[in-house]
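S.K.: Before I ask anything, here is the structure I am working with.
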Amino acid sequence: MAELTVLDNLVFSFSFQFRLPQTKEFHTIEMLSLPRPLDHGKLLIDEEKLMLSFRIDAPDPSLRVEVMHTYQGICDLKELSLLLSGKPVRQ
């Protein structure tokens, strides 16, 4: 299980959890534990880009908003873990 924090000026900063893929090929991964009012989250990863998509839910279906973030030209992705001090450390 992994967690990613998104700084989103359209909505708010939020984190979501997802299951780590077993291979490094293209993946579509369902987001887990999205905060309300967000739902239907997906994480798409390939060699060139990382795409996040999710919906901002509303009681009236005509007011729902689909959001997609695409990150291209990623130099490196690092795995982070938290020490007992709470400070992130690169592994």
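S.K.: Describe numerically, in nm with one decimal, the distance between label points set 7 Å from Cα along Cα→Cβ at L63 and at S13.
M.R.: Result: 2.7 nm between the two label points.
S.K.: If packing is taken as the mean number of other Cβ atoms within 10 Å per residue, what is the order of 61-72, 41-52, 26-37, highest first?
M.R.: 41-52, 26-37, 61-72
S.K.: Now a separate question. Summing +1 for each Lys or Arg and -1 for each Asp or Glu, what net charge is found among the other residues whose Cβ lies under 13 Å from the Cβ of Q72?
M.R.: Local charge sum for Q72: -2.
Throughout, read-outs are computed from the coordinates displayed, never taken from laboratory work. Please read these numbers as outputs of a predicted model, since none were measured by experiment. No Cβ is skipped: glycine too gets one built from the backbone with ideal geometry, and neighbour counts run over all protein chains shown.
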